[in-house]
1. Once you have all Cα-Cα distances for region B:9-54, histogram them in 10 Å bins from zero and send the whole-percent values.
2. Find how many whole Å separate the alpha carbon centroid of region A:47-82 from the alpha carbon centroid of region A:129-181.
3. Ranked from highest to lowest mean number of other Cβ atoms within 10 Å per residue, what is the order of the peptides B:146-152, B:285-291?
4. Quick one: what are the phi-derived ³J(HN,Hα) couplings along region A:171-184, Karplus 6.51/-1.76/1.60 with θ = phi - 60°, whole Hz, x for glycine and proline?
5. Spelling out what I want: for every residue of region A:114-124, take phi, set θ = phi - 60°, compute 6.51 cos²θ - 1.76 cosθ + 1.60 (Karplus), and round to whole Hz; glycine and proline get x.
6. In Å, what Kirkwood hydrodynamic radius results for region B:2-160 from the alpha-carbon pair distances?
7. How high is the relative contact order of chain B, in percent, with contacts defined as C-alpha pairs under 8 Å that are six or more residues apart?
8. Helix A:69-79: angle to the longest alpha-carbon principal axis of chain A, degrees 0 to 90, nearest 10?
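Please treat every number below as a calculation from the coordinates, not as lab data. Quick caveat, the model's predicted, so the values are computed rather than measured. Using ideal geometry, Cβ is built from the backbone for each residue, glycine included, and neighbour counts are taken over all protein chains shown.
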Amino acid sequence: MKILVCIKQVPDLESRFKANSAGVWFDETDLAWRMNEYDEYAVEQAVKLREQLGEGSELVVLSIGPDRVVEAMKKALAMGCDRGVHVQDSAAAVKDPAQIAATVVAYARDQHFDVIFTGMQSQDRGSAQVGVLVAAGLDIACATTLVGFSYSDGTITAKRELEGGLKGIVKLKTPALVTCQLGLNVPRYPTLPNIMKAKKKDIAALPIESLLSTPPLAATVSFHPPAKKGGGIVLEGEVGILVDQLLGILKEKTAVLR
Amino acid sequence: MKILLIGESRDNKVLETTYELTGFAGAAAAESSLFFVGSPHDLPAVSGRLYLADVAACGEYNPDLHRDLIVRTVAEENPDAVVFLHSSYGWDLAPRVAAALKVAQISEVVGLVEGGFEVGCCNGKMRRTVKPATARVVLTIQSGAFPVNKEGGSPQVVALAPPVASGRVIFAGYEAAEARAIDLGRAEVIVSAGRGVGKKDNIPLIAALAKALGGELGASRPVVDAGWIEHSHQVGTTGQSVAPKLYVACGISGAIQHLAGMKKSDFIVAINKDKDAPIGEIADVLIVADVLQFVPALTAKL
Ligand SMILES: Cc1cc2nc3c(=O)[nH]c(=O)nc-3n(C[C@H](O)[C@H](O)[C@H](O)COP(=O)(O)OP(=O)(O)OC[C@H]3O[C@@H](n4cnc5c(N)ncnc54)[C@H](O)[C@@H]3O)c2cc1C
Ligand SMILES: Nc1ncnc2c1ncn2[C@@H]1O[C@H](COP(=O)(O)O)[C@@H](O)[C@H]1O
């Protein structure tokens, strides 16, 4: 059985973002990078499935982006993926979801993966489209927002998370793609021996031009902070003073302190 | 502009969020019709054409089948945009429809701008303006971004015959939300812990503040997923919706799914070391500080 997991490398979301010179995405200077949080759950679930199936199965991790994304791929390899495919694209950040999906489809089309895992959404772009579009492009079954996954005999039983904590149970026959939600599992920390082993695992490099030939369907024309709604007070300074300021405000504006 | 709205139902009832779609149509000054898989006995109160597929035959969740029905309706209506809610139904179905129509999808629209759409990015900290390159576009709108519009018309129903083919994803039933050990809905004060609290060992600091204020302990999702606090304390779209007199968010960034559950609180205090955290958008007071220093200092003075 062949399994694919797609991961994206994203900036630390606690960073300050400012527009790049083109004004359509963020400036990457001084940003720290990590694996998209949702994709950590996807990798963990893929590794679990790989362990369940044992010998004769293979788990490939794929990422599209500039050279720095290899760092995130190494983490996935240390978590238990067998090999990596790096689609080299220094302009991946300005590709639209349809192009990212088309690239994955072009790679996966002849490989006959039985199960494909993606995150539900990327934290920086947040389109929640790539996974579903890949499934549509490959014409395979798909379910989104998984908080439960089990596999047996060519059938996936998945738990989809709905609003208010309700869950929907669905069954899919493989080949199938699932998108992973926060809390699906507990992503493992790579151990030192596994980090060492991962260094020897293969990461194939493919240029984006070899896979993608379609234009974007949508374009970002501006990247900017939200308009300030105002109203709120922002307090900064020494903790002791802040405490007194807040207590003053709470006494004046609310009825909870008496 | 002519748009096709995709309504939602659950348990044979129209979901209230459907009226955010009509709100969007109003904001866009668009002529709208509505597609709806639901019960013929509980129709959305809208004017205009309502394309109705009976949920008894089509299922609440059968994405391939719903996609095919929407594609058929689009051929009939010829809309410029097909508009979904960015919900568990919408984000699952919209890309399937966009792929079938071979058009652009723009996700989580929060506003309209000349010739394009405003969407959130970077966990809600930033915005992008996106313009479709295709003549038709599929949109999902962020919940709460557009006003509810329950104008209450009576629709002109166009019944859609259910297709014979069934989908590849088989729906096997619901699993109810866990029973709630505590009802945060009644609390007058809620003090919630977010990932910024750092580790499980620090949760007692937040719990102590909640106690000192005579309130309950709440939590953001990562704190619950990590097992630091039980799920019954989670606030947000997949937890509880609350509206206390005072809500104190400790180390919570303010993702839309968290805000959806607490933005109706009377007074909101946020403690965050990041001055740009999106929680600042709705907080009455944003304290820029380390939560581990500030919270114990505040508790000590109560
Ligand atoms: C379909 C769906 C449903 C969801 N449902 C929910 C839901 O019901 N409820 C929910 O909460 N989330 C929900 N989420 C997740 C949501 O998108 C966010 O991931 C989550 O709310 C983030 O939690 P957080 O703010 O605690 O963590 P983060 O986003 O990681 O934010 C941590 C914050 O702490 C600050 N911080 C760090 N260290 C300190 C310090 N020492 N002192 C002060 N501040 C500090 C940081 O600046 C940052 O702003 C859902 C997501 C999806 C996709
Ligand atoms: N550049 C990329 N390389 C590999 N996978 C990606 C990339 N971008 C997005 N994905 C996958 O698609 C999912 C959804 O992303 P998005 O549609 O951008 O929200 C992510 O969680 C990843 O699994």
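1. Result returned by the calculation: 28, 56, 16, 0.
2. So the two Cα centres are separated by 19 Å.
3. For the peptides B:146-152, B:285-291, the packing ranking is B:285-291, B:146-152.
4. Along region A:171-184, the couplings run 10, 10, 8, 6, x, 8, 10, 10, 10, 9, 9, 3, x, 4 Hz.
5. Residue by residue, region A:114-124 yields 7, 9, 10, 10, 9, x, 5, 7, 8, 6, 7 Hz.
6. In region B:2-160 this quantity evaluates to 15.5 Å.
7. Contact order relative to length: 15 percent.
8. Value to nearest ten degrees: 70.
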